[in-house]
Amino acid sequence: MKAANFYLKKKMREVFIIEPNDLNIGFLTNFYKKATAYLKTAPFIIIIPFSFLVGLFIYLIFGYLIVRLTTLLQYGF
Amino acid sequence: MVFKKEQILVNFITSSILVFRNFFFLIFYPYKTMRKISLEKDYWQILIIFFLVFLYFKLSYFLKDKPYRASFTFFTFLVNFFLTAGFFYFLSKFIKKKDSVNSFKSLLFSLSYSLFPTLIWFESVSLLYLILPPPRTTSILGISFSIFFIAYSLSLLFWKLILVFLAIRFSLRLSFYQILYLWFLYLLWFIPYSILLYQAKLFRLPFI
């Protein structure tokens, strides 16, 4: 019981390490909370499809420049 | 003396397991894991991450033309890293004068772990350089690969941004706007600094 209590206290201290974010505008704060909820756990579920969409979008807008950009980045290490 | 050596070995192995575990959890639970990391006290973990970075510089040394020595590049990386950490820490002190619970140690831990996406990107690009050396062509395969590569790079970049945001948020206890403001100020000096490093042929893309 004592150990469980200690663990709970430790966990509570960890969870309340920072105060919640307030963006000063109600609508924005709500949006921020909803958006970040998806990024707090397994963010790649959102990130990977979004990145592919951005990649496709770059190709549709800039065309063959994406190939030059890739070549440039491949030399970038 | 023997006991001391054994103790060091045990510390090293334990910290390596913790680093591996934290890296794994940063993929699935970045928020919770970064919060835990910001309370970390085991300096071995930072040393292990820096050692992994050094290994990358050793690997890239063999792939580049006329490279600098790996130890010199690593030293430059350390300067970049501590400049970045110092910049965020001292500016956060100015922003949050009343509440100064933020600690440099906590920032060091969380920023070191935020190097994970950078390390993955640089190592994978080095290996790709061996398997599929540039330049890319404008064939269907070339374009498909380019879209895939850009998507892959962007995914790691977004993950990196999330980790750095969380690192600053948990270590320096700043709000969303304050972090954005600090990032803006950081880019003001870091972009010219990166160009300088590029011209000195140290880094084509800054390793941070």
Task: Calculated [θ] (222 nm, deg cm²/dmol) that DSSP helices of n ≥ 4 give over chain B, each run adding -39,500 (n - 2.57) - done: -27000 deg cm²/dmol
TODO: Would you tell me the mean number of C-beta atoms belonging to other protein chains that fall within 10 Å of each C-beta in A:42-49, as a whole number?
DONE: 5
Open item on the list: Which residue, A:Ala4, B:Ser124, B:Leu108, has the largest displacement toward the positive end of the dipole of the protein assembly as shown when charges sit on each Cβ (Lys, Arg +1; Asp, Glu -1)?
Closed with: A:Ala4
Open item on the list: About the Cα centre, and with charges only on the beta carbon of Lys, Arg (+1) and Asp, Glu (-1), how big is the dipole of the protein assembly as shown? Nearest 20 debye, please.
Closed with: 720 debye
Open item on the list: Averaged over its residues, how many other protein chain Cβ atoms are within 10 Å of peptide B:140-148's Cβ atoms?
Closed with: 5
Open item on the list: Need one number: convex hull volume per residue for the protein assembly as shown, Cα atoms only, in Å³.
Closed with: 183 Å³
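Sorting check: for B:163-176, B:31-44, which peptide has the highest mean count of neighbouring beta carbons within 10 Å, and how do the rest follow?
Top to bottom by mean Cβ count within 10 Å: B:163-176, B:31-44.
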Task: By average C-beta atoms within 10 angstrom, highest first, the peptides A:16-22, B:4-10 - done: A:16-22, B:4-10
Task: Relative contact order (%) - criterion: Cα under 8 Å, at least six apart; region: chain B - done: 26 percent
- [ ] Place the peptides A:27-34, B:49-56 in order of packing, highest mean first, counting for every residue the other Cβ atoms within 10 Å and averaging per peptide.
- [x] B:49-56, A:27-34
- [ ] Pull up the cross-link candidates among the lysines for B:Lys5, meaning alpha carbon to alpha carbon under 29 Å and not fewer than 8 places away within one chain.
- [x] B:Lys36, B:Lys41, B:Lys58, B:Lys105
Open item on the list: Please compute, for peptide A:50-57, the average count of beta-carbon atoms on other protein chains lying within 10 Å of each residue's beta-carbon.
Closed with: 6
Task: Percent RCO, i.e. relative contact order, over the range B:1-117, from Cα pairs under 8 Å lying at least 6 residues apart - done: 31 percent
Task: chain A - Rg and Dmax from Cα coordinates, angstrom - done: 21.2, 65
Open item on the list: Given bins 5 angstrom wide, list per bin the percent of all Cα-Cα distances in chain B, short to long.
Closed with: 1, 6, 13, 17, 18, 17, 13, 8, 5, 2, 1, 0, 0
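Is there a quick way to get the dipole size of the range B:67-208? I mean about its Cα centre, with the Cβ of Lys and Arg at +1 and of Asp and Glu at -1; what is the value in debye to the nearest 20?
So the magnitude is around 400 debye.
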Task: Most positive-pole-ward Cα, B:Ser92, B:Leu26, B:Ile48, against dipole of the range B:1-100 from beta carbon charges - done: B:Ser92
Task: chain B: most fluctuating residue of B:Asn80, B:Asn11, B:Asn22 per GNM, C-alpha cutoff 10 Å - done: B:Asn11
Task: Cα centre as origin, Lys/Arg/Asp/Glu Cβ charges: chain A dipole, Debye - done: 440 debye
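Every number in this text was worked out from the coordinates using simple rules, so none of it is lab data. This structure is a prediction, so every number in the text was calculated from the model and none was measured. Glycine also receives a Cβ, built like all others from the backbone with ideal geometry; neighbour counts cover every protein chain displayed.
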